[in-house]
Amino acid sequence: MKNDFEEKIKEMQRFFRLSVTGSLNSETINLMEKPRCGVPDVAAFQLLPGKPKWTKNELTYRFVNYTPDLPVNTVKRIIQRAFNVWSDVTPLEFRRVNSRNADIVIQFAYRYHGDPFPFDGKGNVLAHAFAPGSGTGGDVHFDEDEKWSTNELGISLFLVAAHELGHSLGLDHSSDSSALMYPYYTYVNTINYSLPYDDVQGIQSLYGKRQ
């Protein structure tokens, strides 16, 4: 059991480019305590297992509800802007609809919310998303126990939404700490935000460049 544990720690340390010791040193523990996405890790850049992708370029999305932390119109603008991060560099287009059969469903929820991945309260897991596909495929869920914000005073809804939508489109986590798809949350200035190189390479490997 000890060897299995050490190997898991080493695997994590290699992924995040830490010193590979196999022990829970302060560097590793500090990383583990940061808020993060709830999708398991792989490496830079990576596609989701089976390389799922949407087979059409025009995708629809709808809201189940909205966070009370921000005005509804602000949430709508932030989510549309998060979609634009990906459509700016691919042929993909996103349109908000009210129909229940939208491709991507967006929901704010507490703890257990109907899927196998209940949220854990404030901190740690911030949100999760599902790979492209039917049913829950592409859907994005945000932990309502977080304090969602438009800046560094709380958790930036824009940064988390843009990250989760990367999963909705077929990207896995990246080990590049400068990438949007890096699993741990770090606030960066979102004014005039543009997609980092690693993420552009990843999403264009699935959908090609925007003409």
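The values are calculated or read from the model by the stated rules, or taken from the named source; none is laboratory data. For clarity, every value in this text was computed on a predicted model and none was experimentally measured. Positions of Cβ are backbone-derived with ideal geometry, glycine not excepted, and every protein chain shown enters the neighbour counts. What goes into the accessible areas is simple: the full protein's heavy atoms, side chains included, and nothing from ligands, DNA or RNA. Shrake-Rupley method; radii C 1.70, N 1.55, O 1.52, S 1.80 Å.
Tabulated data
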{"item": "Partner aspartates and glutamates for LYS10 [C-alpha distance under 15 Å; skip if fewer than 8 residues away on the same chain]", "result": "GLU27, ASP41"}
{"item": "GNM flexibility winner over the chain from ASP145, ASP88, ASP115 (Cα, springs under 10 Å)", "result": "ASP115"}
{"item": "For the chain, the Rg and Dmax computed from alpha carbons only, in angstrom", "result": "17.0, 53"}
{"item": "Per DSSP, loop GluC sites (Glu not before Pro) in segment 102-211 with at most 16 further Cβ within 10 Å", "result": "GLU152"}
{"item": "Counting DSSP beta bridges with both ends in the chain, the antiparallel % (nearest 5)", "result": "25 percent"}
{"item": "Mean-position separation - Cα centroids, segment 79-116 and segment 138-159, in angstrom", "result": "14 Å"}
{"item": "Expected 222 nm ellipticity per residue - DSSP helices of 4 or more, -39500 (n - 2.57), all of the chain, to 500", "result": "-9000 deg cm²/dmol"}
{"item": "Amide H within-cut-off set for GLU93, under 5 Å, with H built and near neighbours excluded", "result": "GLU58, LEU59"}
{"item": "17 Å Cα-Cα reach of LYS209 towards aspartates and glutamates, excluding residues that sit fewer than 8 places from it in its own chain", "result": "GLU58, ASP88, GLU93, ASP198, ASP199"}
{"item": "Å² per residue, accessible surface of the chain at 1.4 Å", "result": "51 Å²"}
{"item": "In nm, spacing of pseudo-spin labels at TYR184 and ASP120 (7 Å Cα→C-beta vector)", "result": "1.4 nm"}
{"item": "Nonlocal amide H pairs with VAL125, under 5 Å, H built at 1.01 Å", "result": "ARG36, ASP120"}
{"item": "Among THR90, THR55, THR150: highest mean-square fluctuation, GNM of the chain, C-alpha pairs under 10 Å", "result": "THR55"}
{"item": "Cut-off under 5 Å, modelled amide H: who pairs with TYR182 long-range", "result": "SER174"}
{"item": "Per-residue HN-Hα couplings for segment 47-62 [Karplus 6.51, -1.76, 1.60; θ = phi - 60°; Hz; x = Gly/Pro]", "result": "9, 5, x, x, 6, x, 7, 6, 9, 9, 9, 9, 10, 10, 9, 9"}
{"item": "Virtual spin-label span in nm between ASN84 and ARG96, 7 Å along Cα→Cβ", "result": "1.3 nm"}
{"item": "Exposed-site-free run, longest, the chain (rule: chymotrypsin sites (Phe, Trp or Tyr not before Pro); DSSP loop; at most 11 other C-beta within 10 Å)", "result": "1-109"}
{"item": "Rounded, prolate or oblate (a/c below 1.5 giving rounded, otherwise prolate when a/b exceeds b/c) for segment 109-190 by Cα gyration tensor", "result": "oblate"}
